[in-house]
Amino acid sequence: MISLFRLSAALSYILPLAVSLVKSPPDLVISQDFPDPSVINVDGVWYAFATQNNLYHIQIARSDDWNNWSVLDKDALGSLPSWVDQNTPAVWAPDIIERPDGTFVLYFSATVSGTSHHCVGVATSKEIEGPYQADARPLACPDPLGSGRSINPSPYFTSPGRGGAIDASGFKDVNGSLFVLFKVDGNSLGIADGQCNNGGDESQKVPTPIMVVPVQDDGFTPKSSAIQILDRGPEDGPLIEAPSLYITSDGSYNLLYSSNCYLSASYSIKFASASSVTGSYTKIGNLASTNSSIGLIAPGGADAAADNQHVVFHGNLPQGGRGMYATTITRSQKGTSFG
């Protein structure tokens, strides 16, 4: 476990009652490629799930104490549904929730067969480590080719936007209601030039909104259509993505999200706040950004655990790939912070 932060390290600015960044050091707890992590605690044991590697569609790691992690030699999602390109599935950004009946629901993004665009899928298992059985239908797939046509089989969610969908994240509200958030992957269409296919002049950039859908207790049947809660602005460069929602001690809803292109050192973790799950959300500021003096490069993909305190995220590794950091969220009169 490598500590990359010091108490004096300031990764961004301080806003009164807003954001105050890193009061104690988050640690690099997985120093191999383990990008887009999500985290869940089951019977006192921590589990993290991550984007594919050369062996597995979805990686799994485990920790008994939050500080020491082991990557498991198994694939959470061995078999993929038929709508996924079986040769180049590019399975990204998994997320896990436990539903009321004790079943675990796995959300994931994968390439649609015959295209280079992603959509969101869903799988379930009675055991946290799987294996997970994927549903035959995609969960969210708004106009993946930008041509006005959907895919077959039809997705569960009805959503505006185009370019497909990535970065699904489950959320359980205080009353037990379930929601799924995701990003409409507009930049995948490559309409604008530049970083992440959405750079250049601001007038040419396409939306990359964050959506939310209320769902039934099964974790995927929608109660209504998707609602937009946030979108990129000029300060976000080409995109926002990787939503994760948690509840603060005063009952506010804080939305963690990544801003800018993951290929750039400008990639960072930001957050917005609202009084309800569906918003409206106000962008507050940065939680973590690049600080090369302490070895933190392009932090992103943050996920908050259901305890509204523990958080994992990834950052670039010197040898290539993205490792997983573990930290906590605290809130005081000085603001919201990592650590």
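The values are calculated or read from the model by the stated rules, or taken from the named source; none is laboratory data. Bear in mind the structure is a predicted one, so any value in this text is a computation, not a measurement. For neighbour counting, all protein chains shown are included, and Cβ atoms are generated from backbone atoms with ideal geometry for every residue, glycine included. To get the accessible areas, we keep the full protein, side chains included, count just its heavy atoms, and leave off ligands, DNA and RNA. Shrake-Rupley method; radii C 1.70, N 1.55, O 1.52, S 1.80 Å.
Quick notes on this one:
- Under Karplus coefficients 6.51, -1.76 and 1.60, residue-wise ³J(HN,Hα) of region 87-100 in Hz, glycine/proline x: 7, 10, x, 6, 7, 10, 6, x, 9, 10, 10, 9, 8, x
- Region 90-165: GluC sites (Glu not before Pro) falling in loop per DSSP and having at most 14 other Cβ within 10 Å: Glu127
- Averaged over its residues, the chain has an accessible area of 39 Å² per residue, based on protein heavy atoms and a 1.4 Å probe.
- Global form of region 168-318, assessed from the alpha-carbon gyration tensor, a/c cut-off 1.5: oblate
- Dimensionless Rg over Rh [region 246-339; C-alpha; Kirkwood]: 0.98
- Applied to region 219-234, the Karplus parametrisation 6.51 cos²θ - 1.76 cosθ + 1.60 on θ = phi - 60° returns per-residue 3J(HN,Hα) values of x, 8, 6, x, 8, 7, 6, 5, 10, 6, 10, 6, 8, 5, x, x Hz, with x for Gly and Pro.
- Inter-label distance, Ser31 to Arg149: 5.0 nm, where each label sits 7 Å from its Cα along the C-beta direction.
- Exposed loop sites, defined as trypsin sites (Lys or Arg not before Pro) outside DSSP H, G, I, E and B with at most 13 other Cβ atoms within 10 Å, are absent from the longest region of the chain, namely 7-125.
- For the chain, the convex hull drawn through the C-alpha positions has a volume of 126 cubic angstrom per residue.
- Remark: region 28-42, residue by residue, has Karplus-estimated 3J(HN,Hα) of 7, 9, 10, 9, 10, 4, 8, x, 6, x, 10, 9, 8, 10, 10 Hz, where x stands for each Gly or Pro and the curve is 6.51 cos²θ - 1.76 cosθ + 1.60 at θ = phi - 60°.
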